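Worksheet: one structure, shown below.
The values are calculated or read from the model by the stated rules, or taken from the named source; none is laboratory data. Just so it is clear, the model here is predicted, and its values are computed rather than measured. Positions of Cβ are generated from backbone atoms using ideal geometry, with glycine treated the same way; all protein chains shown enter the neighbour counts. Accessible surface areas use protein heavy atoms only, side chains included; no ligands, DNA or RNA. Shrake-Rupley method; radii C 1.70, N 1.55, O 1.52, S 1.80 Å.
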Amino acid sequence: MGEQILIVQFEGILSIENNQMVQHVAEVIKSLNIRGVKDIVKGMCNFSILYDPLLINFEQLKDKLSDIDFTEVSGREQESRMVHIPVVFDEQYGLDLPELAKKLALSEEEIIEIITSNAYYVYMIGFIAGLPYMGNLDKRMAVPRKSNPRVKVPKGAVAIADKMTSIYTVESPGGWHLVGWTPMDIFDGTKNPPNLIKAGDYVKYEPISAEVAQNWNSQVQKEWNQLWNI
């Protein structure tokens, strides 16, 4: 893709196994410290290698990648963390719960129960800083994105669309259905790494009350992480 990006494409199937291959192969290449490679950006079914064409050209980079025995990578299980995220589910924060209940022929309580009963695999981070694309949502919750996106979705909004779920890390436009809100700061540009959640993790939503959410602060977050996420 141009003179500065090489894309490594895997099978075009969205699955945990395929994505774990993407994650692992990208890390193998990163560990080689190839001269001229500036960064590797992981996607759902591919990753992009950003390189300096003055230090290494496309053919040279492709030849180096061809020397790697990728057959040894297949079938390897990845180590994954389970990250627990506190979420308040009510109509104040889950603005689309009433609409979803009608569309899916489920009660709001059933929707919340379905969403909180599973852990979600993080396929990639993207769109805006630190935003996780997570799946696979229960098939009963499969719903397309909103036909009219919101101009502003608040930071911390928990949303679903197209068998996936995500958390808005900053205020931004968005077309996903809002089902809840987390007071937890999952992206902090002043920290290294800035992301609480990374590709390859699993995320589970833990229901909390509106009162707990409204009284959330850095100390409460620290205690939550010590209890749930160490």
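For the chain, the share of accessible area belonging to carbon and sulfur comes to 52 percent (1.4 Å probe, ligands and nucleic acids excluded). Rounded to the nearest 10 degrees, the inclination of helix 16-31 to the longest alpha-carbon principal axis of the chain is 50 degrees.
Return one whole number: the accessible area per residue of region 82-229 in Å², for a 1.4 Å probe. Write down the numbers at each step before the final one.
Details: 7070 Å² over 148 residues.
For region 82-229, the solvent-accessible area averages 48 Å² per residue.
Computed from point charges on the beta carbon alone (+1 for Lys and Arg, -1 for Asp and Glu), the dipole magnitude for region 1-149 about its Cα centre is near 300 Debye. Within the set of other residues whose C-beta is less than 15 Å from the C-beta of Asn118, count the net charge using Lys and Arg as +1 and Asp and Glu as -1. Cβ neighbours under 15 Å give a net charge of -1. Considering the dipole of the chain built from charges on the beta carbon (Lys and Arg +1, Asp and Glu -1) around the Cα centre, which of Gly43, Pro86, His24 is farthest to its positive end? Highest projection toward the positive end goes to Gly43.
List the pairs from Lys30/Lys155; Lys42/Lys103; Lys102/Lys146; Lys198/Lys222 whose alpha-carbon separation is above 26 Å, in the order I gave them. Write down the numbers at each step before the final one.
Numbers: Lys30/Lys155 32 Å; Lys42/Lys103 34 Å; Lys102/Lys146 14 Å; Lys198/Lys222 19 Å.
Long pairs (Cα-Cα over 26 Å): Lys30/Lys155; Lys42/Lys103.
From the helices alone, meaning DSSP H stretches of at least four residues, give me the mean residue ellipticity at 222 nm for the chain, per-run term -39500 (n - 2.57), in deg cm²/dmol to the nearest 500.
Details: 6 runs with 58 residues, N = 230.
Dividing the helical sum by the residues of the chain leaves -7500 deg cm²/dmol.
For the pair Phe10 and Ala129, a Förster radius of 30 Å applied to the C-beta separation gives a FRET efficiency near 0.75, rounded to the nearest 0.05.
Using 1/(1 + (r/R0)^6) with R0 = 30 angstrom and r between the beta carbons of Glu113 and Val41, what's the FRET efficiency to the nearest 0.05? With R0 = 30 Å, the Cβ-Cβ based efficiency is 0.25.
How would you rank 82-91, 29-38, 191-200, highest first, on the average number of other Cβ atoms within 10 Å across their residues? Walk me through the intermediate numbers first.
Values: 82-91: 19.3, 29-38: 13.5, 191-200: 16.3.
So the order, starting with the most tightly packed, is 82-91, 191-200, 29-38.
If you wrap a convex hull around the C-alpha atoms of region 82-229 and split its volume per residue, what is the figure in Å³? Walk me through the intermediate numbers first.
Details: hull volume 15.3 nm³, N = 148.
Once divided by residue count, the hull of region 82-229 is 103 Å³.
Protein heavy-atom accessible surface, 1.4 Å probe, per residue over region 1-69: 60 Å². Here is the size of region 5-67 from its Cα atoms: Rg then Dmax, 11.7, 36 Å. Taking other residues whose beta carbon is less than 10 angstrom from the beta carbon of Met82, and scoring Lys, Arg as +1 and Asp, Glu as -1, yields +1. Taking the Cα centre of region 5-67 as origin and assigning +1 to Lys and Arg Cβ atoms and -1 to Asp and Glu Cβ atoms, the resulting dipole is close to 180 debye. Placing a label point 7 Å from the Cα of Glu99 along the Cα-to-Cβ direction, the residues of region 130-153 whose backbone N falls under 15 Å of that point are 143-153. Taking the Cα centre of region 82-229 as origin and assigning +1 to Lys and Arg Cβ atoms and -1 to Asp and Glu Cβ atoms, the resulting dipole is close to 560 debye. If R0 is taken as 35 Å, the Cβ-Cβ distance between Lys30 and Ser209 corresponds to a FRET efficiency of 0.25.
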